[in-house]
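These notes are about the structure you will find just below.
The values are calculated or read from the model by the stated rules, or taken from the named source; none is laboratory data. Keep in mind that what you see is a predicted model, and the values were worked out from it rather than measured. Every residue, glycine as well, gets a Cβ built from its backbone with ideal geometry; the counts of neighbours run over all protein chains shown.
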Amino acid sequence: MSAAAPLRDPPPLHGVPLREHVGLLLDSRRRGYALPGAFFRDEALFAADLELIFGRHWLFVASEPELPEGGDYRTYDIGPYPIFLLRRDDGSIVAFHNTCRHRGTRILQQPAGVVGANLVCPYHRWVYDEAGRLIGCGASELSAPMMGLRLKPVHVKRLAGLIFVCLATDPPEDFDAMAAQMEPYLAPHAVPRTRVAKQIDLIEQANWKLTIENNRECFHCAGHPELSRSLFDFFGEIHEESLSAEERAAYQCFQTARQDAMAGWQRAGLPWQLIEKLHGRPTGFRTDRLVLNGAGESMTLDTRSASSRLLGKFTDARLGSLHFHVQPNAWFHFLADHVVTFATLPLAAGRTLVRTTWLVDAEAQEGRDYDLDNLTRIWVETNRQDATLVEEAQRGVASPAYEPGPLVASEFMVGMFHSWYEERLRAALDL
Amino acid sequence: MSAAAPLRDPPPLHGVPLREHVGLLLDSRRRGYALPGAFFRDEALFAADLELIFGRHWLFVASEPELPEGGDYRTYDIGPYPIFLLRRDDGSIVAFHNTCRHRGTRILQQPAGVVGANLVCPYHRWVYDEAGRLIGCGASELSAPMMGLRLKPVHVKRLAGLIFVCLATDPPEDFDAMAAQMEPYLAPHAVPRTRVAKQIDLIEQANWKLTIENNRECFHCAGHPELSRSLFDFFGEIHEESLSAEERAAYQCFQTARQDAMAGWQRAGLPWQLIEKLHGRPTGFRTDRLVLNGAGESMTLDTRSASSRLLGKFTDARLGSLHFHVQPNAWFHFLADHVVTFATLPLAAGRTLVRTTWLVDAEAQEGRDYDLDNLTRIWVETNRQDATLVEEAQRGVASPAYEPGPLVASEFMVGMFHSWYEERLRAALDL
Amino acid sequence: MSAAAPLRDPPPLHGVPLREHVGLLLDSRRRGYALPGAFFRDEALFAADLELIFGRHWLFVASEPELPEGGDYRTYDIGPYPIFLLRRDDGSIVAFHNTCRHRGTRILQQPAGVVGANLVCPYHRWVYDEAGRLIGCGASELSAPMMGLRLKPVHVKRLAGLIFVCLATDPPEDFDAMAAQMEPYLAPHAVPRTRVAKQIDLIEQANWKLTIENNRECFHCAGHPELSRSLFDFFGEIHEESLSAEERAAYQCFQTARQDAMAGWQRAGLPWQLIEKLHGRPTGFRTDRLVLNGAGESMTLDTRSASSRLLGKFTDARLGSLHFHVQPNAWFHFLADHVVTFATLPLAAGRTLVRTTWLVDAEAQEGRDYDLDNLTRIWVETNRQDATLVEEAQRGVASPAYEPGPLVASEFMVGMFHSWYEERLRAALDL
């Protein structure tokens, strides 16, 4: 499948070329500290983010159960690029730029829908087949300049039921290595045999990097009372000697639960070793299987399974939560009974879409097998709380008086995200 | 009448002068193809459009029945220029910049209204006479610097009841030649003896050039089921040998109707010859009298007259539809029983006002002589459909992956519009 | 107390440095005339206004009764700078930049509220004491880079119960001289012993300079029927010989009332001499005690006191209206029975907040001592009328056809404001 969108020449900014402008911003960053304010509101850097980060990396946009049947499509706006995903009748999934080869109209106009054998642009009825080839044009025949025209393809990769796209001509090649490592972790949760129980779009009035930073640490989790019920409050390296008596008791309890859980994971043949490749490569990712608190079954208020139908071939509900994170735009929680996917897409320098999707076993019925409110409650509340936090951060970092402060130890993944981000821009701009 | 607004010096853009910037964009256009995406969203080009296209050409803003009485005024925003039209007591129509010579306040603040003998600025009560001369200033006398101040005039021309304005100091001189040619076509429809049955403002989230392009071809008319009832689907050069049997039958039917109609037009002494001067001159225009389908009387769902009172001295309703188009901003349908005028004004690079006005004979009464819904239905529906089409085009051409495609034969007027647009910018910038 | 926000380097604009750009605009101004249109809509000049005018001068933001108790806070956005005022338990008032020293989040998020002994950032629970010192960080101890961090302070000055802030490192030093002169005028009105009867925020779709200009002249007051009941229509120098018979009678009446009033002011030991230092210094100000029309007691529809409890130790209600104006953002009316404060803050080049606050004696009870509608009516109506005027001015001056007109004699304070504005920009940019 050939290349996608040609990249625009970076425009000069106030006489300063984009490359130099981004270089100066990156130079102003101090390692181990929060990012300077311009990283969250500079319009030129945002344009670079769209083009060089979102335009050149693998992005998670949907999971397979969002397009269950042949003919199902979904449309997306990746920055200024309208694209669509299409499930073909043979079960394969393809993606194209959603712009007619005639006068550019968006061909598929709904967020999701079903098409027949061909795609027809609603403006002048130019007709494309499933492979994107122009095969007709209203009543008239194709003229010479129309011959051979086809919708511009977008690269697609699948990983255990998760669908990723990449707009670049030459997408990062390390996706397959990630997929090979992650497949054994993810496949047992059987995403292709799930269905969507709920999908919620939330728009945060904040830069996408604040959304990602927020996801990369639990230093702020005291502000999430619902989430805190199922999570143990121990992340990163713990120094037992510095814990209070109460904390030490909790830590012992955590250690015991973790030993039990690991024994169970081993019995079930589930991998659980931490993989942390968050920087030093284009497709930064990380996975970790966390033991859960309380009953230890799921991310619910009572820490028990939300759905009585476990995923795939699971028989034991106490599998903890497999966390998976792929830079730049997605994270996932894989539980025994359900999966939650999160995809972020930047809408403007200070505006970000967060799409949360809850997947349950394809046979699970609402009311009988699960209660929708119980299934979704924790992340509905936690997302809402996070939206307020990142929006207040956006307002604060907009101040010329803001000066980046030191990160703490438990924010190590925030630092890794910063490193990855800097590496990727420097690589793209040859800085 | 002296000159209007001084033109601003084109500001340099990112170090590139506007002139060079526009030149590079024009050079990137490929003849016979759709326009590159930047033509529809580049902010600098949009500024050039406002200044060099809308600021220097004749614009249709109203027809005479919109200001029937002495003292009637209407206000308009031509890009950043607030102006107003005023019917004087002697029946003449004048236009001024709607900005007080004191501290700039808009003097007339409603979309339409009636003024007394003088115009009074509501801020500090500076008073102007009908000729725009400052004649008073609240309670105090005019000081020396106030003497001789007058509202800045805007050029006005009338053509058979249609009112055009031009903001330029030296308006294009070819208006009168167009008027001389068009007067015999338009005058029989007696616009000055009509009244406004309905006026609807529609805002399209699209560049004004997409609005005009949409109007310049009927290649997309299959998407207009209501409009298609009265229009024959034959535009431009038709090659009979390439038609299907069904199409050929329809074409024969069209040819017969056209022969009949032309005979009727000749009997009625109505000119009907195509005039196509869409480019090669500042005031690009085109007229064509189309035969209508079905009963052939009017652009209605049943193709019969909407109003029982025909316009002017018409006695035969089967006069077809006289189409008239004036670049850059207007088109018209003149029927035996009513006239529909369309004026577009750009509001932003991606936002355009389309004002549609239905005129009926001054004596026609709603309910008795016409049904308002029947009169307006086709263009209400068609405008709504077109708004969706151009808005989806705007979203599609915003993609960096959009690549202009080839125009088809029936889009010849789109190509002529492109040529005119390029010519006018090159002339204005001496490119 | 140490310095506040570092000022940003002026960015170059389209290759033209900000300094040169502002210099060219200032050069284009003609003394004795309205300001050129760019002064009200140029984005670069607006950025300069925020940084050099609002970022470097004393701004009135609140009066003491808005923060009556220890722990009371109020938040403000001064252009891009979120700040807050805090009343400490010892009664002092401090101001800080409202951005956490960790990752920049706004610490106080409501427009007004109450805090405990410490300030806690809601994101990661960094804790600051009342002096702004970082004293804790969730459960963990402060690491070395956190030691010594403190919220960045903002300068605060109080004048007879009015609270001013300044974001600059080195605030203008002439505040104290103004305070020394103004204290005898203002202190008798006892603002610290008032309470807020009403506060209304109005957003005007206009540049802040149009808001200030509007306040600086009563040439337009014929458009304020409610306000005109209490104000005599004589401002600036009056030439009796040019008055009509009717005007002369009114002027005699005004002179008589004024003689009476001055005698009363002298008896009450109240200063009333005009002080006019509107330019030639950073903190431009002006005060004038105006005699009121009718009963002469207050700015109400019936010109009688709105509140039966007079302020401070006043026993005579007929004290006229002490007008006080401080550049760039505030004006005040001090009456015997109430005080009205007005603070403007620019929100965008064409959008300005006007906050009006009515203060009555702390013991006055609504319903018993005053009727809220009667107290607020004049300025509610007048503000609404002014909003329309400045919004129509903003629309008019946006026209490239707008040409600044001559100011009249009674607009002398508008001219003084222009002079001050030009002086301050030239001083800041060394032009």
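Taking B:I78 as meeting all but one of (1) hydrophobic (A, V, I, L, M, F, W, C); (2) at pLDDT 95 or above; (3) within 30 Å of C:R248 (Cβ to Cβ), write down the number of the exception.
Just one mismatch for B:I78, condition (3).
With the structure loaded, tell me whether A:V390 is in a strand (DSSP E or B) and touching a Ser or Thr at 6+ places or on another chain (Cβ under 8 Å) or whether it fails that test. Can you show your working first?
Values: in a strand (DSSP E or B): no; touching a Ser or Thr at 6+ places or on another chain (Cβ under 8 Å): yes.
No: the conditions fail for A:V390.
Out of curiosity, is C:G148 surrounded by 15 or more Cβ atoms within 10 Å (Cβ to Cβ), more than 17 Å from the chain's Cα centre (by Cα) and over 30 Å from C:A362 (Cα atoms)?
For C:G148, the condition - surrounded by 15 or more Cβ atoms within 10 Å (Cβ to Cβ), more than 17 Å from the chain's Cα centre (by Cα) and over 30 Å from C:A362 (Cα atoms) - is not met.
Report yes if C:R318 is at pLDDT below 95, assigned to a loop (DSSP other than H, G, I, E, B) and of a type outside the set (F, W, Y), otherwise no.
yes
Take A:L24 and tell me if it is assigned to a helix (DSSP H, G or I) and either in contact (Cβ under 8 Å) with a residue 60 or more places away in the chain or within 14 Å of another protein chain (Cβ to nearest Cβ) (or both).
yes
Go through the stretch A:242-265 and report how many residues are within 14 Å of another protein chain (Cβ to nearest Cβ) and either acidic (D, E) or in contact with a Cys (Cβ under 9 Å, 6 or more places away or on another chain) (or both).
2
(1) touching a Lys or Arg at 6+ places or on another chain (Cβ under 9 Å); (2) modelled with pLDDT of 95 or more; (3) not in a helix (DSSP H, G or I): which one isn't true of A:L431, the others all being true?
With respect to (1) touching a Lys or Arg at 6+ places or on another chain (Cβ under 9 Å); (2) modelled with pLDDT of 95 or more; (3) not in a helix (DSSP H, G or I), A:L431 is out only on (2).
Residues C:G284, C:G280, C:G223, C:G264: which one is at positive phi and out of contact with any Gly (no Cβ under 7 Å at 6 or more places or on another chain)?
C:G280
Looking at B:A112 and the list (1) surrounded by 13 or more Cβ atoms within 10 Å (Cβ to Cβ); (2) of a type in the set (A, V, I, L, M); (3) without any contact (Cβ under 8 Å) to a residue 40 or more places away in the chain, which single condition is not satisfied?
Going through (1) surrounded by 13 or more Cβ atoms within 10 Å (Cβ to Cβ); (2) of a type in the set (A, V, I, L, M); (3) without any contact (Cβ under 8 Å) to a residue 40 or more places away in the chain one by one, B:A112 breaks only (3).
Those residues that are in a strand (DSSP E or B) and either among the aromatic types (F, W, Y) or within 14 Å of another protein chain (Cβ to nearest Cβ) (or both), I need them from the stretch C:77-106; list them, please.
Going residue by residue through the stretch C:77-106, those that are in a strand (DSSP E or B) are C:77-78, C:81-87, C:93-97.
C:D77, C:I78, C:Y81, C:P82, C:I83, C:F84, C:A95, C:F96, C:H97, listed by residue number.
So is B:L162 outside the structural domain of B:F412 (by TED's automatic domain parsing) and without any contact (Cβ under 8 Å) to a residue 60 or more places away in the chain or not?
Judged against the criteria, B:L162 is not a match.
Quick test for you: out of B:R74, B:R56, pick the one residue that is surrounded by fewer than 24 Cβ atoms within 10 Å (Cβ to Cβ) and part of a strand (DSSP E or B).
B:R74
Mind listing whichever residues of the stretch C:164-180 are more than 18 Å from the chain's Cα centre (by Cα) and either closer than 18 Å to C:T344 by Cα or surrounded by 15 or more Cβ atoms within 10 Å (Cβ to Cβ) (or both)?
none
State whether one or more residues within the stretch A:229-237 are of a type in the set (D, E) and under 25 Å from A:L389 (Cβ atoms).
Yes - at least one qualifying residue is present in the stretch A:229-237.
Filter the stretch C:312-338 down to the residues that are among the charged types (D, E, K, R) and surrounded by fewer than 23 Cβ atoms within 10 Å (Cβ to Cβ), then identify the one that is farthest from C:A47 (Cα to Cα).
Among those residues, the one meeting the criterion is C:D316.
For the stretch A:197-305, which helices (runs of 4 or more DSSP H) that fit wholly inside it have 1 or more residues that are under 30 Å from A:R368 (Cα atoms)?
Qualifying helices (runs of 4 or more DSSP H): A:225-228, A:245-267.
Give me the residue from the stretch B:187-218 that is within 30 Å of B:L35 (Cα to Cα) and of a type in the set (A, V, I, L, M) and, out of that set, surrounded by the fewest Cβ atoms within 10 Å (Cβ to Cβ).
Result: B:I203.
Would you be able to tell me the number of residues in the stretch A:222-268 that are surrounded by fewer than 16 Cβ atoms within 10 Å (Cβ to Cβ) and hydroxyl-bearing (S, T, Y)?
3
Pairs under 6 Å by beta carbon, first residue closer than 20 Å to C:E276 by Cβ and modelled with pLDDT under 95 in the stretch C:207-235, partner part of a loop (DSSP other than H, G, I, E, B) and polar (S, T, N, Q), six or more apart or different chains?
What qualifies is C:F232/C:N293.
Within the stretch A:147-159, can you find the residues that are touching a residue at least 40 places away in the same chain (Cβ under 8 Å) and of a type in the set (A, V, I, L, M)?
Listed by number, the residues that qualify are A:L149, A:L151, A:V154, A:V156.
Listed here are the residues, each with its yes/no results for (1) surrounded by fewer than 23 Cβ atoms within 10 Å (Cβ to Cβ); (2) within 14 Å of chain B (Cβ to nearest Cβ).
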{"position": "C:V340", "(1), (2)": "yes, no"}
{"position": "C:A348", "(1), (2)": "yes, no"}
{"position": "C:Q365", "(1), (2)": "yes, no"}
{"position": "C:Y370", "(1), (2)": "no, no"}
{"position": "C:R377", "(1), (2)": "yes, no"}
{"position": "C:T388", "(1), (2)": "yes, yes"}
{"position": "C:P400", "(1), (2)": "yes, yes"}
